[in-house]
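Shown next, in structure tokens, is the structure this report addresses.
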Amino acid sequence: MRLLIFFVFYLSSVMCLEVNETCTTPCNATGKCVPVRSCGYILGILRNPEASYRDSLFLQKSTCGTMPGPRPLPLACCPNLLNPEGCGVAEITTRIIGGEITKLEEHPWAALLIYDIGKERIIYKCGGALLNSRFVLTAAHCIIDIPQSWKLQSIRFREFDAMSEENCTVVNDDKVCRQDYGVEKVVVHPGYDKSRINKLHDIAIVKLTESVMFSKYTKPICLPFDETISAMPIDDEDFTVTGWGQTETAIRSRLQLHVDLVGKTNEICDTAFEKANVTLTDNHLCVGGEKHKDSCKGDSGGPLMRQVGNVWYQVGVVSFGSKFCGLEGYPGIYTNVAKYLSWITEVVNESHCSELNELDD
């Protein structure tokens, strides 16, 4: 509370910007000047009972003005690290009707996780989605529930043929090459417990060793921060999932595939998986259940997406399902991304301001 009082008091001496104007945070990241209540990063500091003097300095240097009105509300420069400009917009206007092969520019945020399994061998097994230039969202079980000898080696984008030894291909007269990025660190949700049957909190974030170069073949997906998006219904709504997982004829697909699915109520999944003692929570989504249309082994960690207008949002992470994929009446189960937005924001924002020495100047 004392930090909040100090923060509001300090506004009298700052240069005022307008709402949503671009600003620069104390750690030299690009941000937006927004109401304090709209910035999870600032709220996290204000609500921290162990906030330090350095935190107060950060808040002081984050102020960017007030919102006009009878009771002026403070504005803060909120780091704009998620949902960067242009996220979720694919540069493709037509879908393959009734097909499954995904064009490179169709879901350019799709990532492939590459594992070192020893003896100079690597395999790809899970998927993910690019959130911004340094972070990828995937499933916790892709990190925890793997053989002890395996190591997540890299994250790949622009994978045109996972079985090909060639690193480049030609798409619409463009030379497109794979992009592999090393792994700096992995953050698994602290609540994930691999022994739980319903895989609650099956979500993890991978930080890359360097920034991804964006193009029409590699760009981030949007997260459903807008309440009008996160509050949209699930039951009987259309969704899409993409990945390189198991198909009817192969353990893993050499080509990126996608499938359109229909949302269901969680009660339908509870009934379908009753014999396995699986009970879902609000942190899960139940999607699919049509014959031969499903995510499958190897798709784990990949994005469950919904399109709103011309923008794609990641609403789920592929978690688990029936032992036999594509069985009628057995939907897939996904981690509900909307329930983890605060956690995702906390993890991503944590690294944007690791050096605060300049705040003492």
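The values are calculated or read from the model by the stated rules, or taken from the named source; none is laboratory data. Worth saying up front: this structure is predicted, and the values here are computed from it rather than measured. Ideal geometry is used to build each Cβ from the backbone, glycine not excepted, and the neighbour counts take in all protein chains shown. With ligands, DNA and RNA removed, areas are computed over all heavy atoms of the protein, side chains included. Shrake-Rupley method; radii C 1.70, N 1.55, O 1.52, S 1.80 Å.
Just need the relative contact order of the chain here, percent rounded to a whole number, with Cα pairs under 8 Å and 6+ apart.
17 percent.
Ignoring ligands, DNA and RNA, what accessible area per residue does the chain give at 1.4 Å, in Å²?
Heavy-atom accessible area per residue stands at 50 Å².
Please report the spacing between the Cα centers of region 309-326 and region 188-221 in Å, no decimals.
14
Determine which aspartates and glutamates satisfy two conditions relative to K151: a Cα distance under 13 Å, and not lying fewer than 8 residues away in the same chain.
Filter leaves D116, E120, E184.
Of K323, K264, K207, which has the largest mean-square fluctuation in a 10 Å C-alpha GNM of the chain?
It is K323.
Enumerate the lysines that K61 could reach by cross-link, defined here as Cα to Cα under 20 Å, with residues fewer than 8 away along the same chain left out.
K32
Show that you can apply the helix-only estimate: for the chain, add -39,500 (n - 2.57) for every DSSP H stretch of four or more residues, divide by all residues, and state [θ] at 222 nm to the nearest 500.
-3500 deg cm²/dmol
Quick one: with all protein chains in place, what share of the accessible area of region 46-169 is carbon or sulfur, to the nearest percent (1.4 Å probe)?
Exposed carbon and sulfur together represent 50 percent of the surface.
Take the residue pairs K125/K194; K219/K339; K219/K323; K264/K291 and return only those whose Cα atoms are more than 26 Å apart.
K219/K323
Where the accessible area of region 258-345 is counted over protein heavy atoms with a 1.4 Å probe, how much of it, in %, is carbon and sulfur?
50
How about region 35-133: which trypsin sites (Lys or Arg not before Pro) there lie in a loop by DSSP and see at most 16 other Cβ atoms within 10 Å?
Details: sites: R37, R47, R54, K61, R95, K103, K119, R121, K125; in loops: R47, R95, K103, K119.
Listed in order of number, the matching sites are R47, R95, K119.
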